[in-house]
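Visitor: The structure follows.
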Amino acid sequence: MDPDSSSLLSQLQGKLKKLQPTQTKLTRADGQVSYFQNQGLEKLDTASERSTFGFVVDTKPDLTCGKVLPWLFVSSQDVPQDLRIVQELEITHILSLLPGFQLYPLVKPFIKEHLVLEFYDEENFITSADSEEAVSKAMRFIQNAKASDSKILIHCNAGLSRAPTIAMIYLIRAEKYNFEDAWEKVKSARVHAQPNAGFLKYLRSTSVQCNQ
């Protein structure tokens, strides 16, 4: 090692010794929180660990519910858990595009049918075989609700991408809307609707195929 490098290393080591000790917080997917110090090499005592949610808790629920058609609604995950809204809108069918979603026990007795589908807000997911199977199930569920003169709520997490997309697919495939009209219909009902780029491309392509 040349003298200049040795001198620089000594200076850096001297500065590092003067730094204040810091803690590193590690949050795992299951919500477990661990704390480390000494550049992550030393784990602090287990008493500092605690169980939390593995995601950011939304303390301001979005209870706005967009009416796409007189019997078809779109929302975030907060609406189907609100009994007052469910009863006011006379919703009896809920389509959840949120894997693992469960209705609150208070709401369950008022819902005739609840379908939960694994549908992910990823641009490439919409062109996968899993997506097409989920879309087919969603279309049948929506059409059955309509046939029984029931009111249905489609929701995802924030009600921005997945739920509006499925509503638009229904309008395009079953109601013969073109892309522009389906987009305007859903956007009017759910102002903040914004399907991801992959979903929008798929919706435009589906519109062309269904309206040829």
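The values are calculated or read from the model by the stated rules, or taken from the named source; none is laboratory data. Just so it is clear, the model here is predicted, and its values are computed rather than measured. Every residue, glycine as well, gets a Cβ built from its backbone with ideal geometry; the counts of neighbours run over all protein chains shown.
Visitor: Search the stretch 142-154 for residues that are under 8 Å from Trp71 (Cα atoms) and in the same structural domain as Gln87 (by TED's automatic domain parsing) and pair each with any residue that is of a type outside the set (S, T, N, Q) and in a helix (DSSP H, G or I) when their beta-carbon atoms are under 9 Å apart and the residues are at least 6 apart or on different chains.
Guide: Filtered contacts from the stretch 142-154: Lys151/Ala145; Ile152/Phe141; Ile152/Ile142; Ile152/Ala145; Ile152/Lys146.
Visitor: Oh, and also: Here are some residues: Leu44, Leu97, Leu83. Which one is modelled with pLDDT of 95 or more, surrounded by 13 or more Cβ atoms within 10 Å (Cβ to Cβ) and over 30 Å from Phe125 (Cβ atoms)?
Guide: Exactly one of Leu44, Leu97, Leu83 is modelled with pLDDT of 95 or more, surrounded by 13 or more Cβ atoms within 10 Å (Cβ to Cβ) and over 30 Å from Phe125 (Cβ atoms), namely Leu83.
Visitor: To continue, here is another question. Which residues, taken from the stretch 121-134, are under 19 Å from Gln194 (Cβ atoms) and of a type in the set (A, V, I, L, M, F, W, C)?
Guide: Passing the criteria: Phe125, Ile126.
Visitor: Can Glu88 be described as under 20 Å from Ile172 (Cα atoms), out of contact with any Cys (no Cβ under 7 Å at 6 or more places or on another chain) and not hydroxyl-bearing (Ser, Thr, Tyr)?
Guide: No, not satisfied.
Visitor: Which of the following residues is out of contact with any Asp or Glu (no Cβ under 8 Å at 6 or more places or on another chain) and either over 16 Å from Ser150 (Cα atoms) or assigned to a strand (DSSP E or B) (or both): Val74, Val86?
Guide: Val74
Visitor: What pairs come out if I take residues in the stretch 60-77 that are among the charged types (D, E, K, R) and pair them with residues that are modelled with pLDDT of 95 or more and buried (at least 19 other Cβ atoms within 10 Å of the Cβ) whose C-beta lies under 6 Å away, six or more apart or interchain?
Guide: Matching pairs, first to second residue: Asp62/Ser76; Asp62/Asp78; Lys67/Phe73; Lys67/Ala189.
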